[in-house]
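The values are calculated or read from the model by the stated rules, or taken from the named source; none is laboratory data. Keep in mind the model is a prediction, meaning the values are calculated, not measured. Cβ sites come from the backbone with ideal geometry, for glycine too, and all protein chains shown count toward neighbours. Quick note on the areas: whole protein, heavy atoms, side chains included, nothing else; ligands and nucleic acids left out. Shrake-Rupley method; radii C 1.70, N 1.55, O 1.52, S 1.80 Å.
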Amino acid sequence: MITRYLLLWLESPLQSWGHDSKFGRRDTLDFPTKSGVLGLVCCAMGAGGKQRELLEKFANLDMTVIAYSRAKQSSDGELKKQSREPLLRDFHMVGSGFDDQNPWEKLLIPKTSEGKKAVGGGAKMTYRYYLQDMAFAIVLQVPNDMVQTISEALERPVWDIYLGRKSCVPTDFILRGQNISKDDALEIADGIAKGKVLIEDFRVLNGEHDGEVITLNDVPIQFGENKQYCDRRVTIINT
């Protein structure tokens, strides 16, 4: 199968890329997951439901992530790293303040798995974590016959697209290159970053290379109500 690459630029004051979260604590990885990026693509295309056939086409394809953070520019024009912003923790109460005597409001109150009233009235505390002031270049390998369709969808999305959660609205155009080689995509990303006075912090490569190798359960097999994922190995290279 012939494949080409798209360059996506993900930038926002807040981003959150869940990986191993429980209900009460919604963590974020330091970078976008493959499931998160493909979920964004599906939203742009208006592709709801399981989407098993679509996701199968991407399961073994490449995805490189380059993370950028703010930099200081010295008098001689050299960019130097600044300390990254810490994770933002946002506190939520789910199901609080609703009247359980009102049939509509009652639907918004958490219940047990049997549908009964939860202990303590149903209100639940949750903690949600966000990346602050980061930008990511995503070099995404795409089947050749889908390049145009996905590109058009990212320029004119069917559904609103977010960078992990609905509170994470992109603040710049996402599609920055289509039907290009990987080397061209990396070069374009570097140019965008320099124009924004950003400096590369780290990159995430598919497979095992020299660097920190980890396993992520983020290759989507099925979306929809009953999501399914499989593992992939990635390497984090700090710069």
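Taking the options 235, 171, 215, 149, name whichever one is in contact with a strand residue (DSSP E or B) (Cβ under 7 Å, 6 or more places away or on another chain), in contact (Cβ under 8 Å) with a residue 24 or more places away in the chain, open to solvent by 60 Å² or more (accessible area, probe 1.4 Å) and of a type in the set (Ser, Thr, Tyr). The unique qualifying residue is 171. One residue stands out among those in region 109-131 that are open to solvent by less than 50 Å² (accessible area, probe 1.4 Å) and modelled with pLDDT of 85 or more: the one that is farthest from residue 202 (Cα to Cα), which is 128. Can residue 106 be described as open to solvent by 20 Å² or more (accessible area, probe 1.4 Å) and touching an Asp or Glu at 6+ places or on another chain (Cβ under 9 Å)? Yes, satisfied. Quick one: in region 148-168, which of the residues that are among the aliphatic types (A, V, I, L, M) and at pLDDT 95 or above is farthest from residue 34 (Cα to Cα)? By that ranking, first place goes to 158.
Using the structure shown, decide if residue 30 is touching a strand residue (DSSP E or B) at 6+ places or on another chain (Cβ under 9 Å), farther than 20 Å from residue 171 by Cα and surrounded by fewer than 21 Cβ atoms within 10 Å (Cβ to Cβ). No, not satisfied. Restricting the first member to region 60-88 and to residues that are among the aromatic types (Phe, Trp, Tyr) and surrounded by 10 or more Cβ atoms within 10 Å (Cβ to Cβ), and the second to residues that are at pLDDT 90 or above and part of a loop (DSSP other than H, G, I, E, B), the beta-carbon pairs closer than 9 Å and six or more apart or on different chains are 68/196. In region 177-199, the residue that is farthest from residue 67 (Cα to Cα) out of those that are touching a helix residue (DSSP H, G or I) at 6+ places or on another chain (Cβ under 6 Å) and open to solvent by 60 Å² or more (accessible area, probe 1.4 Å) is 179. Residue check: is residue 95 at positive phi, among the small types (Gly, Ala, Ser) and surrounded by 15 or more Cβ atoms within 10 Å (Cβ to Cβ)? Judged against the criteria, residue 95 is a match. Say whether the condition of being open to solvent by 30 Å² or more (accessible area, probe 1.4 Å), part of a loop (DSSP other than H, G, I, E, B) and among the charged types (D, E, K, R) is met by at least one residue in region 9-26. Yes; the residues of region 9-26 include at least one that is open to solvent by 30 Å² or more (accessible area, probe 1.4 Å), part of a loop (DSSP other than H, G, I, E, B) and among the charged types (D, E, K, R).
For residues that are hydrophobic (A, V, I, L, M, F, W, C), more than 28 Å from residue 82 (Cβ to Cβ) and in a strand (DSSP E or B), scanning just region 176-225, find the one that is farthest from the chain's Cα centre (by Cα).
Within region 176-225, the match that is farthest from the chain's Cα centre (by Cα) is 180.
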